[in-house]
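Asker: Pasting a structure below so you can have a look.
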Amino acid sequence: MNLTEYIFYFFCLLSLAGAVYMLFSKSVIYSAFALLTTLLGIAALFVFAGAEFLGIAQIMIYIGGVLVLFLFGIMMTRRLNSDALEKTGNKNLLTGIIAGGGLFTLLLIIILKVNFLSLEWIQRGSTQKSATGVASIGVKLMTDYIMPFEIAALILLLALIGAAVIAARVINRQS
Amino acid sequence: MVLHTYLLLAAAIFCLGLCVVLIKKNTVMVLMGIELMLNAVNLNFIGFSQFDQNLMQGQFFILFILVIAAAEAAVGLAIVLNLYNHFKTADISEAKTLQG
């Protein structure tokens, strides 16, 4: 094993540890920061798979946007007389563990049994390595994927307006 | 084997996210669990996209999933704010007036 592989497995462990901590933590804010480490590790794994643009987009959208939104959500749904750190309880403990563990066992069996590397297109792809990067993503986004791109822009606009309208109703009622 | 590492990690994170969604009581925690599951799916896509360097279909799927996840988080948190305003708690098991 060389240094690159050590770094790769370090980021794998980082993202896994964040997810495990999220499940076992009682504090909502600590869970939000555990989610941050998980997202950071996944962004690093994107870079390892040759998708630098997606790694940067992951950091900007998730860590810069979605996580700050979650912290605002935690802040605004605090009980006024509670502790400084919002706590969360558990429900459906048995059902959750059975569903999660059962699904993981099923996926584990499938992943270990199926030989993905014998697929024809994967063998073809692992031999031909071409230089890809931000430039080719931009070109493809404006040619092959122009329709989904426009629809995504429309969905973002609708979600922005919808979220503002739904949240503004609360603020109007409170004042 | 790099592909198997990606797939196993994605399966583990997806199941942990499912557990968080099913077990946690706080509504914001449930939304965070959904984000965790979406990220696990992204890991699966990127694991297979390494072998598709010319078309990059997996990378574009991830790009659009990122957009949908951001929109989902914004609308979801607005709904959570409404829920909190109505029930005066963020506990999801307290909101049971729609229970059949």
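The values are calculated or read from the model by the stated rules, or taken from the named source; none is laboratory data. Remember, it's a predicted structure, so these values are computed and weren't measured experimentally. Cβ: placed from backbone, ideal geometry, glycine included. Neighbour counts: every protein chain shown.
Asker: Can you say whether B:Val30 is closer than 25 Å to A:Tyr30 by Cβ, at pLDDT 90 or above and at the interface with chain A (Cβ under 7 Å from one of its Cβ atoms), as far as the supplied structure shows?
Answerer: Here the answer is no, as B:Val30 does not meet what is asked.
Asker: Scan region A:133-175 for residues that are in a loop (DSSP other than H, G, I, E, B) and of a type in the set (S, T, N, Q) and jot them down.
Answerer: Once the filter is applied, which keeps residues that are in a loop (DSSP other than H, G, I, E, B) and of a type in the set (S, T, N, Q), region A:133-175 yields A:Thr143, A:Ser175.
Asker: Before we move on, is A:Leu14 at the interface with another protein chain (Cβ under 9 Å from one of its Cβ atoms), free of Cβ contacts under 8 Å to residues at least 60 places away in the same chain, in a helix (DSSP H, G or I) and not aromatic (Phe, Trp, Tyr)?
Answerer: So A:Leu14 does not fit the description; no.
Asker: Turning to a different aspect of this structure: Can you confirm whether region A:80-88 contains a residue that is surrounded by fewer than 20 Cβ atoms within 10 Å (Cβ to Cβ), modelled with pLDDT under 90 and either within 9 Å of another protein chain (Cβ to nearest Cβ) or in contact with a helix residue (DSSP H, G or I) (Cβ under 7 Å, 6 or more places away or on another chain) (or both)?
Answerer: Yes, there is a match, as at least one residue in region A:80-88 is surrounded by fewer than 20 Cβ atoms within 10 Å (Cβ to Cβ), modelled with pLDDT under 90 and either within 9 Å of another protein chain (Cβ to nearest Cβ) or in contact with a helix residue (DSSP H, G or I) (Cβ under 7 Å, 6 or more places away or on another chain) (or both).
Asker: Sticking with this structure for a sec: Sort out which residues of region B:46-63 are free of Cβ contacts under 8 Å to residues at least 40 places away in the same chain and part of a helix (DSSP H, G or I), and write them in order of number.
Answerer: Hits for region B:46-63 are B:Ser49, B:Gln57, B:Gly58, B:Gln59, B:Phe60, B:Phe61, B:Ile62, B:Leu63.
Asker: Which one of these is closer than 14 Å to B:Gln59 by Cβ, at pLDDT 80 or above and surrounded by fewer than 18 Cβ atoms within 10 Å (Cβ to Cβ): A:Gly102, A:Gly138?
Answerer: A:Gly138
Asker: Report yes if some residue within region A:17-40 is in a helix (DSSP H, G or I), crowded, with 16+ Cβ neighbours inside 10 Å and in contact with a strand residue (DSSP E or B) (Cβ under 6 Å, 6 or more places away or on another chain); otherwise report no.
Answerer: Yes, region A:17-40 contains a residue that is in a helix (DSSP H, G or I), crowded, with 16+ Cβ neighbours inside 10 Å and in contact with a strand residue (DSSP E or B) (Cβ under 6 Å, 6 or more places away or on another chain).
Asker: Right, something else. Of these, B:Leu43, B:Leu66, which one is under 30 Å from A:Lys113 (Cβ atoms), part of a helix (DSSP H, G or I), of a type outside the set (D, E, K, R) and within 8 Å of chain A (Cβ to nearest Cβ)?
Answerer: Result of the check over B:Leu43, B:Leu66: B:Leu43.
Asker: Which residues, taken from region A:63-79, are within 7 Å of chain B (Cβ to nearest Cβ) and closer than 14 Å to B:Asn39 by Cα?
Answerer: A:Val66
Asker: Quick check on B:Asp91: is it of a type outside the set (Val, Ile, Thr) and more than 7 Å from every other protein chain (Cβ to nearest Cβ)?
Answerer: Criteria met by B:Asp91.
Asker: Across region B:49-79, which residue is nearest to A:Ala159 (Cα to Cα) among those that are modelled with pLDDT of 90 or more and in contact with a Gly (Cβ under 7 Å, 6 or more places away or on another chain)?
Answerer: Top of the filtered list is B:Val75.
Asker: For region B:69-100, give me the residue count where each residue is buried (at least 16 other Cβ atoms within 10 Å of the Cβ), among the β-branched types (Val, Ile, Thr) and not in a helix (DSSP H, G or I).
Answerer: 1
Asker: Identify the single condition in (1) in contact with a helix residue (DSSP H, G or I) (Cβ under 6 Å, 6 or more places away or on another chain); (2) within 21 Å of A:Phe149 (Cα to Cα); (3) more than 7 Å from chain A (Cβ to nearest Cβ) that B:Ala74 does not satisfy, given that it satisfies every other one.
Answerer: Here B:Ala74 clears every test but (3).
Asker: Restricting to region A:48-62, name every residue that is surrounded by 13 or more Cβ atoms within 10 Å (Cβ to Cβ), more than 9 Å from chain B (Cβ to nearest Cβ) and modelled with pLDDT of 90 or more.
Answerer: A:Gly55, A:Ile56, A:Ile59
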